[in-house]
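Report on one structure; see the data block that follows.
The values are calculated or read from the model by the stated rules, or taken from the named source; none is laboratory data. Fair warning: this is a prediction, and the values are worked out from it, not measured in the lab. Here Cβ is always computed from backbone atoms with ideal geometry, including for glycine, and neighbour counts include all displayed protein chains.
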Amino acid sequence: MKNQLKQVFHSPRFVIGFVIFVFMLGMAVLYPLLVPGDPLEMVASSSYPPGTYISLADTLESKQYGLDLDITATRLNKLISQEDKDAMVLWLTKYRGIAEEDIPVEDSVEMVHFWNEHYDPEVEQKGLTNAKRQYYRRLASRMATILETKDIIIATKNPETGALEESNTISFNTYTNVKDIASRRNFVLGTDNFGRDVLKELTHAVGTSLKMGLLAGVIATLIGLTLGLLSGYLGGLVDDIIMFVTNLFTVIPSFVLIILISFSVSQSARGVMLVGVIIGLTSWTWTTRSVRSQVISLRNRDHVNLSKLSGHSLPRIIVQDILPYIASYVVMALILQISSAILAEAQLSMLGLGPSTTKVATLGLMMNWAMTAQAPLAGRWWAFLPIILSIALITFSLNLMNTGLDQVFNPQLRD
């Protein structure tokens, strides 16, 4: 056993897959302990990009520092979108006849000055819709004042008169230290469309999907192992019956069966574990066929015949004389079943037939929520890309571990 473990951990593929899997598992276990709380808690009103969010009220009340910095270019790069720049270039080239290379697109300050100098709403603008004309008027109005950096006046209401009175003035060279602000929240992966912390939700979803995949994998492997052992060892009528049922299930794609069964189960009863059971009960066929072929090659070995002559029972022969020789193969089958179950759940959830729950999340449900909110079309990559990467990393690591085990235990694949 010790020698086999050494061989396994000398396989580069297994080690890489194992490290990736342990990282994903560790993230799912440790992060909820470090950052406790409800993963589906709505902490925002909508989907916000990753970053550190601070309280504006606390910012005004925090200690202020005066820094002599030129922030004009930085402000403009944030205030002027690429769409605005493209629109300005289009107008200047089409209605002013200015060559595109003469427009200082790279320098935002020069770009604003250039636009304010050359834009004229009275110029003939053929082919421009009224809505587009109004857009350019609003753009010009904004560009006319965008370079101004007037002080911001903070006013408070007088409790006696009810009138607004100036209480503070903030200039553009006034800064505050983030460490002085009491209320701040860091969203590493932003928030989703429901205003939930994507990272916290994702770590819990990885753990839930792994549990569901393990349950489905164990069920499918146990069914396939039991039927494969009986079919391969007993042969005859038992083999014919088991293989008839197996072939019957093989003809119908397992994913179609999963869809039909999931659809027939009421939505309120379709929890995470039930979906895992459904996937496990429909994914055992290829394990049965594979185990059967392995057992057929073992049932007439000398040590098995010796056990038969010794009068040992059927369970003892299978458990002690056959099962140890296919144990490595069973482990590889289990790994593949877990990987397949996680992918099957993701596919089911994308079709709206996955777990129906508001208490936990799975990777498939998170993808479904992101697609429902049209996150890819809106460019909210943080709502779906981390989920895709998590699914890919988990399945890739499991398949890599399986390939590594196959290299170790399959003599034909050894170097």
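Structure notes:
- Pick from segment 188-211, criterion out of contact with any Leu (no Cβ under 7 Å at 6 or more places or on another chain) and over 25 Å from A341 (Cβ atoms), ranking: surrounded by the most Cβ atoms within 10 Å (Cβ to Cβ): T191
- Filter pass, L377 being assigned to a helix (DSSP H, G or I) and crowded, with 23+ Cβ neighbours inside 10 Å: no
- M350 meets the conditions (1) among the aliphatic types (A, V, I, L, M); (2) touching a residue at least 24 places away in the same chain (Cβ under 8 Å); (3) over 17 Å from F396 (Cα atoms) in every case but one. The failed one is (2).
- Summed over segment 347-368, residues that are out of contact with any Lys or Arg (no Cβ under 9 Å at 6 or more places or on another chain), buried (at least 23 other Cβ atoms within 10 Å of the Cβ) and in a loop (DSSP other than H, G, I, E, B) total 1.
- Residues (of a type outside the set (S, T, Y) and either closer than 15 Å to L210 by Cα or under 13 Å from the mean Cα position of the chain (by Cα) (or both)) located in segment 325-346: L334, I335, L336, Q337, I338, A341, I342, L343, A344, E345, A346
- Residue check, L385 under 10 Å from the mean Cα position of the chain (by Cα) and modelled with pLDDT of 90 or more: yes
- Within segment 361-381, the set of residues being in contact with an Asp or Glu (Cβ under 8 Å, 6 or more places away or on another chain) and hydroxyl-bearing (S, T, Y) comprises T362 only.
- So L229, is it closer than 30 Å to L353 by Cα and not β-branched (V, I, T): no
- Matching residues in segment 270-292 - criterion: being closer than 16 Å to E345 by Cβ and among the small types (G, A, S): G271, G276, G280, S283
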